[in-house]
Each structure stands twice: as structure tokens, then as C-alpha cells.
Amino acid sequence: MSLEHKPFSQACENNKQPILSVLEPRLKDAKQVLELGSGTGQHAVFFARHLPHLIWQTSDLPENHPGIHQWLADSSLDNIRPPLILDVDQPDWPLSEADAIFTANTFHIIAWDQVLKLLDGSARLLPPDGLLIVYGPFNEEGRFTSESNARFDQMLRDNTPHRGIRNRQTVAEEARTRGLLLEETLELPANNRCLVFRRST
């Protein structure tokens, strides 16, 4: 794979600036952030470039590592780390500490039991007051927030039955039982949201 043929996600290109507007004020005191599911690597490079005070640690399944490495190599940034092999099904995550965790467009892709494992792992890793920031589409009180989200959910389930848009209140309750308290729900473009959880002290 050449640098000219790095993997590219138009969705990442579209949402990177709105997400940055959420991350900048909330991660101003963070030193290291773990990104769960770095995908193409686009977000990692963009956020690391605009948040030079922190170390951005990428992670994903092995099949996505070549593309992430290409984006990192092309960026020449010194505050971004090569991807860790991280599957939320692993009982032990390959990182001992992080001030915050960020993940984008993962909750509707992984199975529900993996969402719970992601919350488990985040609760173990984060220090008191550490943040888990989750970006993506979410339902409200079991209802879709738009027709486009309803169509998207149907497409996900038609292709892979365990996928689907999750209910915000259910996620928040599961997170609460693990000591992750939903502090903010932020509306972003294209019927997406950022959920900001804080690890209880």
C-alpha cells in the first residue's frame, strides 16, 4: 500500500471537525488518549495534529493496522503512537493507563455483548475523573432520532444481525453500573452524538 493509496473514509472527513470541537475543551488537561477502533487512521492523525499536548494511542484489530501505519507515516507527527492490537473481547487490554478513551462509530458495529466489554475495559483502564467519549448515532427512549438513522439501522441488521443503533439510555445505565457516569450528550451533525462519560471517584 503506497502513501497515495491510504484507506479513506468520507465519514471521517465529514465529522472530524465537529468531533474536534468536542475533544479540544474536554481533553485540554489530558496527557494520553487511547482511541478504540482507529479504523483508517484519519481521525488519529487529525486529532493528534490539533491536540499536540497529548499522546494519541491508536488501536484496532490487526487487519486495519497497515492502513493506520500508512496514515501515521505520512503525518510525521511525534505525538501519535502505532496501533496496538486491541479486541474488546480480550480480558486484558495491552495498555496500562490512559487519561481518556475515545471511540467513533463502534457501538453500532460491534455486538451488544462487546459494547458491554468495551465499557468494562474502559472502567478498568480509566483513572478517577477520566473520560470516555463515544461518537456515533444513538436512539432516544428506544426510538430513532431520524428517518435516515432508521434506514441505516435496517441496513446494518440486514447485513449483520448483531449490529444496530444502540439506545442511549440503556448504554448510560450499563455504563453507570460500571462507574462511568454520563455527563454530557452533545448533538452533532448528521444525527450523530457524542456521549461523554466520567469515571467516578
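Worth a mention:
- Site pair D92 and K28 shows an inter-label distance of 3.8 nm when each label is modelled 7 Å from Cα along Cα→Cβ.
- Read-out Cα extents along the principal axes in Å, derived from the coordinates shown; its label in [x] 59, 34, 25; [y] 44, 40, 32; [z] 54, 38, 34: [y]
- Relative contact order computed over the stretch 3-199 (Cα-Cα under 8 Å; 6+ residues apart), in percent: 19
- Counted charge near T170, where neighbours are those whose Cβ lies closer than 15 Å (Asp, Glu -1; Lys, Arg +1): 0
- Potential lengthening of the chain between R151 and D120 amounts to 8.2 nm, from the contour at 0.36 nm per residue minus the alpha-carbon distance.
Values quoted throughout were computed directly from the atomic coordinates according to the rules given, and no laboratory measurement underlies them. Because the structure is a prediction, the values reported are computed rather than measured. Glycine also receives a Cβ, built like all others from the backbone with ideal geometry; neighbour counts cover every protein chain displayed.
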